[in-house]
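J.: Handing you a structure now.
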Amino acid sequence: MSLDISNIAKSFGRFPALQDVSLFAEDGEFLALLGPSGSGKTTLLRVIAGLETADQGSVRFRDENLLAKPVRERGIGFVFQHYALFRHMSAAQNIAFGMRSKPRAVRASEAAIKAKVEELLALVQLEGLGGRYPSQLSGGQRQRVALARALAIEPKILLLDEPFGALDAKVRRELRRWLRDLHERTGLTTIFVTHDQEEALELADRVALLKDGALEQVGTPEELYHEPASAFVFDFLGDSVQLPCTVEGGIAIIAGAGVPIVGARPEGNGAAVAHLRPDGFSVASGEGAGLAARVRNVLLAGPDARLDCVLDSGEALEVRVDHAEAGKLSPKDRVTLTPKAVRVWS
Ligand code: ADP
Ligand code: MG
C-alpha cells in the first residue's frame, strides 16, 4: 500500500470538517475525491500536503509518517483551482521556480533546470510556449503550466484540487482525457478532487465520496454507480427521481403498481422513498396502474428524448425515453408512468 490515510479528524472551532476519514491509494493509483461543496475535500488535501494540521489520525506514504515531515520534504506536488501562476513570470520561469528556489547546495545547474523545463513543457504539450506570460495563455494552458510546475519538484504524490473548476465544460472534457493520459505516462499516485461526478467517474481508478466530512463510499466507478451504498450516493452520482412508496413483501408499491426493488432490500414493510434514474420508467398511453400524468412537452434534441410531464398530483417529472417512443407522443397526451425497478434504502 502506497498512501495510507487513517482515522483523520479535523475541526475548525467546533465544526467537524473531517470525521474519522480512512483511505488508501495504491502506488500509481488515480483516486478521485468527490463530494458536494463543503464536504471536506480541500481540507483533506491540505492535511496530506501539510498546509493544515490534523487533530487526530495518521498519513503514511510507503511506511513513512508523512505528518511528521516538513511540507517541503513530503514529495507532494499540488495544483489548486485558484493557485494562480506568478503573473510577472513567463511559463518557463513559473515551472522553474521550485527548482531555482532550492538551497544552492542542492540546486541543479542552470543548464539542467532549462533542460528540465523544456522536458516538462513537452510533457504538458506546451512546446514553444515557455516564453509566454500567463495573460497570453488560455485557461486550459495555464492549468497545464501549473501542473508542469507541480511536477518540476519530481513529486511522488500529486494532489489536484478542482484543477479544471474554473474552465468551461468543453475544455474540461478535453483536459480530463489529457490528464488521464498524463497520469498513465508519469505513474504518480494522484488524488484528484472534484464536485463533478461525471469527471470523477470518467477519470478515476477508484472514487471516494465524502459527505459532511465523512466517507460515504469508496470503490471503483462501476461499484459506486451500480452498487450505491446509500441514497446519498445514488442521488449524487446521477439524475435521480424520488417517489413515495410502500414496501410490501420485498417489492415497492408505487401508485398501485408493484415495482421490483434492486440492490439491497430494505428491512421491514411500510412507507419509504423509492429512487430511480429518469430513464427507468415505462410509458404507456392512457390510464393504468402507475403514475397518471399529462405530457407538457416532448424534447427531442439530444441522445435521449425527454418527456416533460406533470403528474396528476401537480408535480413536474421529466423522464427519458427512446426517440421512437417519444415520437408517438404529443403535448397534452395522457400517459401512465411506471417505474421498471427502484432502489429503496431503509
Ligand atoms: P470542500 O473542499 O469539500 O468544498 P472544505 O474542505 O473547503 O470543503 O471545507 C469543509 C468545511 O470546513 C466547510 O464547511 C468550510 O466552511 C470549513 N472550513 C474549511 N476551512 C476552514 C477554516 N480555515 N476555518 C473555518 N472553517 C473552515
Ligand atoms: Mg474545496
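The values are calculated or read from the model by the stated rules, or taken from the named source; none is laboratory data. Every value quoted in this text rests on a predicted model; they were computed, and no experiment measured them. Surface accessibility is based on the protein's heavy atoms, side chains included, excluding ligands, DNA and RNA. Shrake-Rupley method; radii C 1.70, N 1.55, O 1.52, S 1.80 Å.
J.: Expressed as an acute angle from 0 to 90° and rounded to the nearest 10, what is the orientation of the C-alpha long axis of helix 169-186 relative to the principal long axis of the chain?
T.: Rounded to the nearest ten degrees, it is 50.
J.: Could you identify which residue out of Pro228, Pro36, Pro266 has the top mean-square fluctuation in a GNM of the chain using Cα springs shorter than 10 Å?
T.: The residue that fluctuates most here is Pro266.
J.: Any idea what angle helix 91-100 forms with the longest principal axis of the chain, computed on alpha-carbon atoms, 0 to 90 degrees, nearest 10?
T.: The angle comes out near 60 degrees.
J.: For the chain, report the convex hull volume of the alpha-carbon atoms normalised per residue, in Å³, without decimals.
T.: Working: hull volume 59.9 nm³, N = 346.
Expressed per residue, the convex hull around the Cα atoms of the chain is 173 Å³.
J.: Using only the alpha-carbon atoms of segment 130-206 as identical scatterers, what base-10 log of I(q)/I(0) does the Debye formula give at q = 0.16, 0.19, 0.25 Å⁻¹?
T.: After summing over all Cα pairs, the log10 values are -0.59, -0.84, -1.39.
J.: Another question about this same structure. So what does the Cα-only Debye profile of segment 241-344 read at q = 0.18 Å⁻¹, as log10 I(q)/I(0), no solvent term?
T.: Values, matching the q order: -0.81.
J.: Mind jotting down the distance between the C-alpha centroids of segment 142-166 and segment 283-306, whole Å?
T.: 46
J.: Mind checking which of Ala204, Ala150, Ala169 has the largest fluctuation in a GNM of the chain, springs on alpha carbons under 10 Å?
T.: Ala169
J.: Computed over the Cα atoms, what is the radius of gyration of segment 19-107 divided by 2.2 N^0.38 Å, N being its residue count? Let's see the in-between values first.
T.: Numbers: Rg = 15.6 Å, N = 89, 2.2 N^0.38 = 12.1 Å.
Compared with the compact-globule rule of thumb, segment 19-107 sits at 1.29.
J.: Using a 1.4 angstrom probe with every protein chain in place, what is the largest-first accessible-area order of Ser90, Ser285? Display every interim value, and only then the final one.
T.: On the way: Ser90 10, Ser285 95 Å².
The most accessible residue leads, giving Ser285, Ser90.
J.: Of all alpha-carbon pairs in segment 190-292, indicate the percentage at a distance above 15 angstrom.
T.: 67
J.: Now for a different question. If you stretched the chain out fully between Leu123 and Ala289, how much longer would it get, using 0.36 nm times the residue separation minus the C-alpha to C-alpha distance? Write out the running numbers ahead of the final one.
T.: Details: separation 166, 0.36 × 166 = 59.76 nm, distance 5.93 nm.
Using 0.36 nm per residue and subtracting the Cα-Cα distance, I get 53.8 nm.
J.: Sticking with this one: As a check on your grasp of the helix formula, calculate [θ] at 222 nm for the chain: sum -39500 (n - 2.57) over DSSP H runs of n ≥ 4, divide by the residue count, round to the nearest 500.
T.: Working: 9 runs with 89 residues, N = 346.
The helix contribution divided over the chain gives -7500 deg cm²/dmol.
J.: Only Cα pairs within less than 10 Å get springs; with that Gaussian network setup on the chain, which residue of Lys41, Lys114, Lys332 has the largest fluctuation?
T.: Lys332
J.: To test your reading of the geometry: what angle, between 0 and 90 degrees and rounded to tens, separates the Cα axis of helix 139-152 from the longest principal axis of the chain?
T.: Helix 139-152 sits roughly 50 degrees off the main axis of the chain.
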